[in-house]
Amino acid sequence: MNALLFDERPIVANPVLAREIGLNEAIVLQQINFWLEVNKQNGKNFHDGRYWTYNSIRAWHESDFSYLSYETVKRTFSKLEKAGFLLTANYNKDPRDKTKWYSLDFERIFELQEMVKIKRNQIAEKALEEGINSTLTNALGQNDPMEKFNLTQCTRSKSSTALVQNDLMHGVNLNQPLPNNTTNNTTDVTSFYINQSIEEGDELEKLKKQVQYELLVQSGCREKLCEWDEVLPVIADVFYQHDGTISINQMRLPIDFVKDRFRQLTMYHIDYICECLSKVDTNIRNIRAYILTTAFNAPQTIGAYYSNQVKQDFGGNNL
């Protein structure tokens, strides 16, 4: 194997964390987290409600961060302590032993994670306000590039399944330690897909409850029910994705930002989405993208859409 490729445990850092606090700092936090997970698995070094790991800066440099200079390691640990991400203590039995013990302040890290989410949402909101929303808020989306997709038939089985696709960029989770060579990596693939299917079903049921799907079932309107059954699985697909971004009208938006918008949807918005689909004059090239874009804009565009419908019904005259 090439000498520059991995024969040993690779260096891992969350790119989001690295952008926020620095690459060296992110690497150190990840490695500390790795040793905390090792101690947790072995049930040792648990004090005052948390797991700890210990080493001198010199030992950390030699064993875990030899690719950095000693001064860089020392400076990085000090910076993380001052920022509150790295906790220190002394649980040495010998009072003369001044070796520091280290743990992570996960509440502080969670605060940073929430700040990143807020920042992403603010950037997305600003982008929409600066004019990108002018294309997103097209109620019918007829100006968007489309692929051929026939909407003249409503099917409830295979087509719905085909529409549900993952379109997210997943980040690295800090809570996952670096690979442990002693760990059994056998994976139950069948169990994974069963659990994923259960989760998908749960999110779909939550969405149905949110939009009062049961009332539509009780009404006995099969045609409208069929239309809803095409739209709801596509929207529900977004809710069981937990990180990253999603494409809305060819623009990457934070997944949490999109989820917040979808949580505003009501039964009236779903009717509106279905009506938009039924009135498209041209064949749609990407039905999933069209539904997501229309659903994203629905809370903001539904009022203007029906106001225009009323004006058209009265020949464009003011009421």
Review point. Looking at region 275-294, which of the residues that are hydroxyl-bearing (Ser, Thr, Tyr) and crowded, with 16+ Cβ neighbours inside 10 Å is nearest to residue 265 (Cα to Cα)?
Key: 294
**Study point:** Those residues of region 62-76 which are touching a residue at least 24 places away in the same chain (Cβ under 8 Å) and not hydroxyl-bearing (Ser, Thr, Tyr), in sequence order
**Key:** 64, 65, 68, 73
Revision key, fill the gap. Residue 38 vs (1) of a type in the set (Val, Ile, Thr); (2) part of a loop (DSSP other than H, G, I, E, B); (3) within 31 Å of the chain's Cα centre (by Cα): all pass except (2)
Exercise for review: Collect the residues in region 41-63 that are among the small types (Gly, Ala, Ser) and either part of a helix (DSSP H, G or I) or in contact with a Phe, Trp or Tyr (Cβ under 8 Å, 6 or more places away or on another chain) (or both), keeping them in residue-number order.
Suggested key: 59, 63
Practice item. State which residue is surrounded by the fewest Cβ atoms within 10 Å (Cβ to Cβ) when the search covers only region 64-73 and only residues that are part of a helix (DSSP H, G or I) and under 34 Å from the mean Cα position of the chain (by Cα). Key: 72
Practice item. Report yes if some residue within region 241-252 is part of a helix (DSSP H, G or I) and either surrounded by 22 or more Cβ atoms within 10 Å (Cβ to Cβ) or modelled with pLDDT of 85 or more (or both); otherwise report no. Key: no
**Study point:** Residues satisfying the stated conditions in region 37-87, i.e. within 16 Å of residue 98 (Cα to Cα) and in contact with a Ser or Thr (Cβ under 6 Å, 6 or more places away or on another chain)
**Key:** 52, 54, 56, 87
Check your understanding: Among (1) touching a Ser or Thr at 6+ places or on another chain (Cβ under 9 Å); (2) of a type in the set (Asp, Glu); (3) modelled with pLDDT of 50 or more, where does residue 167 come up short?
Key -> (3)
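The values are calculated or read from the model by the stated rules, or taken from the named source; none is laboratory data. Values in this document were obtained by computation on a predicted structure and should not be read as measured data. All Cβ positions, glycine included, derive from the backbone under ideal geometry; neighbour counts span all protein chains shown.
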